[in-house]
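A short write-up of the structure that comes next.
The values are calculated or read from the model by the stated rules, or taken from the named source; none is laboratory data. These numbers come from a predicted model, not from an experiment. Cβ coordinates were reconstructed from backbone atoms using ideal geometry, including for glycine residues, and neighbour counts include every protein chain displayed.
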Amino acid sequence: MNIAVIGTGYVGLVTGVALSEIGHTVTCIDVDPKKIAKLNQGIPTIYEPGLSEMMLNNQQRGRLHFTDQHRVGLADADVVYLAVGTPQRADGSADLQYIEQAALDVAGHIRRSAIIVIKSTVPVGTNLRIKQLMLDHLHPGVTIRIASNPEFLREGSAIHDTFHGDRIIIGTEDKDTASVLESMNKPFGIPVIKTDIASSEMIKYASNAFLATKISFINEIANLCEKLGANVEEVAKGMGLDHRIGSSFLRAGIGYGGSCFPKDTNALVQLAGNHHHDFNLLKSVIEVNNHQRRLLIEKMLGRFGSLTGKKVAVLGLAFKPNTDDLRESPALVLIPELARLGAEIVCYDPIAADQGTKWINVSAQYTENVADALKDADCALIITDWPDIKRMDPKTYGRLMRQAIVFDGRNCYSIPQARAARMEYYSIGRPDVV
Ligand code: UGA
């Protein structure tokens, strides 16, 4: 199949590369010529394990192309994926201007009939509105069919998830379109669920909202565990063994971040509100998450009284490991708050430090390695559970810092490990080690 993908962000680029990997001829189109120039040199514009090799390999085989010219990229397309961002507006709703523009760009340039597949996360009802928008702008004789095909990949394991996902959802208005897309996706070897468009759109939001709910739920249990002397890891393990509950997404911490959960939960609350449905449960999930992000600052103030002049080593900036993405990372809340409280801040992140300097507008120092960040610090604050932080010998804290006081938002070390290292250790939902 000849496929065009509009947008070379996380979803678009991974989708394009993966579709070329299973044998399709793919052209990725982006309006940003700088991005396209980089991609044409074989350099991915995002950090994603495994992406670079797969991209280069398919470019060399002549199956994967990049262009900023819609006319060129759409010339032979049988299927066109729309994979542009749907960021959050100030009121929490999804901003659809980019997908509308992408749809208009496609409508203005396609000269042959095609299936339009919407990968972007969009509120229920958007696919059909996009279809109408395109119908109003197509060249005479060109017909389109529309499909909703939401994305479930996680940043940092996007390539793995694309080839090992649990399901591919295809929402269409007719069986024929669904069959074409089903056979196109067959080489992925992942179960395909065919459904109607509105349900497909809803599956995406409901899935993300449910996972966010699981996280906020376990975080609330964690906060209660701290008060009652229980250990949330033991509780999550015991709960997760019940297959109806499942063990994933029960890791307590400083709350969920990233470009999806915060945005999609807010958008679903908005969407519900627009239809006179008060989604109280999801509102609480969001509220719990906002509070969770600040917990460690409260613990630090409880320990030190004041943070003025205290040197704080911040370990990890990204919203989770294996990504340089800082969007909605707890770091964006915690670091400015530390600065406001007068702390001296030294940050370490193995790959997101550059992003940190761009996104965090307070005075902070950035170091190349953990040791430089910890040197002479009064306390450490762990925001991201990077493998090199998790694997580090906990005795390192005592060796390098003024005093081994660690506030861990990701429960990187076990309580016995912390005791053995003689750390003063405050984590989430587990007994403090003092
Ligand atoms: C999430 C979903 O997992 C994907 O299925 C979905 O496709 C994607 O959003 C999207 O809509 O595009 P992602 O945001 O990349 O993927 O990251 P996750 O691995 O799901 O983690 C999200 C946040 O939850 C992170 O901040 C992570 O630290 C936190 N988390 C996750 C926890 O605090 N506890 C957990 O047990 C799991």
Hits in region 247-284 - residues which are buried (at least 22 other Cβ atoms within 10 Å of the Cβ), of a type in the set (S, T, Y) and in a helix (DSSP H, G or I): T265
Going through H291, H276 one at a time, which residue ends up being in the same structural domain as D324 (by TED's automatic domain parsing) and at positive phi? H276
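Given the structure, is G156 within 16 Å of the ligand (Cβ to nearest atom) and at positive phi?
Taking the combined requirement at face value, the residue satisfies it.
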Within 22 Å of M202 (Cα to Cα) and in contact (Cβ under 8 Å) with a residue 24 or more places away in the chain: does that describe F163? no
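Within region 138-153, is even one residue over 30 Å from V235 (Cβ atoms), among the charged types (D, E, K, R), more than 12 Å from the ligand (Cβ to nearest atom) and surrounded by fewer than 22 Cβ atoms within 10 Å (Cβ to Cβ)?
yes
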In region 159-170, what count of residues is obtained for those that are assigned to a helix (DSSP H, G or I) and within 12 Å of the ligand (Cβ to nearest atom)? 3
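Identify all residues within region 397-434 that are part of a helix (DSSP H, G or I) and exposed (fewer than 15 other Cβ atoms within 10 Å of the Cβ); write none if there are none.
Those that are part of a helix (DSSP H, G or I) and exposed (fewer than 15 other Cβ atoms within 10 Å of the Cβ): R399, P416, R419, A420.
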Matching entry among S306, S259 (being at pLDDT 95 or above and hydroxyl-bearing (S, T, Y)): S306
Which numbered condition F319 fails, given (1) more than 18 Å from V370 (Cβ to Cβ); (2) touching a residue at least 60 places away in the same chain (Cβ under 8 Å); (3) away from the ligand (no atom under 16 Å from the Cβ): (3)
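Can you tell me how many residues in region 219-268 are of a type in the set (D, E, K, R) and within 13 Å of the ligand (Cβ to nearest atom)? Step through it out loud before you land on a result.
As a first pass, look at region 219-268 and keep what is of a type in the set (D, E, K, R): 220, 226-227, 233-234, 237, 242, 244, 251, 263-264.
Okay, now just the ones that are also within 13 Å of the ligand (Cβ to nearest atom), so 220, 233, 237, 251, 263-264.
Count: 6.
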Within the group V31, V84, which residue is surrounded by 23 or more Cβ atoms within 10 Å (Cβ to Cβ) and either under 25 Å from I130 (Cα atoms) or not hydroxyl-bearing (S, T, Y) (or both)? V84
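Every residue in region 121-151 that is in a helix (DSSP H, G or I) and among the aliphatic types (A, V, I, L, M), please.
Of everything in region 121-151, those that are in a helix (DSSP H, G or I) and among the aliphatic types (A, V, I, L, M) turn out to be L128, I130, L133, M134, L135.
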Members of region 357-387 that are within 21 Å of the chain's Cα centre (by Cα) and either modelled with pLDDT of 95 or more or within 16 Å of the ligand (Cβ to nearest atom) (or both): W359, I382, I383, T384, D385, W386, P387
For region 186-214: of the residues being of a type in the set (S, T, N, Q) and without any contact (Cβ under 8 Å) to a residue 40 or more places away in the chain, which is farthest from P123 (Cα to Cα)? T195
Take the residues of region 106-133 that are in contact with a Leu (Cβ under 9 Å, 6 or more places away or on another chain) and among the charged types (D, E, K, R): which is surrounded by the most Cβ atoms within 10 Å (Cβ to Cβ)? K119
L326 versus (1) modelled with pLDDT of 95 or more; (2) touching a helix residue (DSSP H, G or I) at 6+ places or on another chain (Cβ under 6 Å): which is the lone unmet condition? (1)
Of all residues in region 171-216 being assigned to a loop (DSSP other than H, G, I, E, B) and more than 16 Å from the ligand (Cβ to nearest atom), which is nearest to the chain's Cα centre (by Cα)? G189
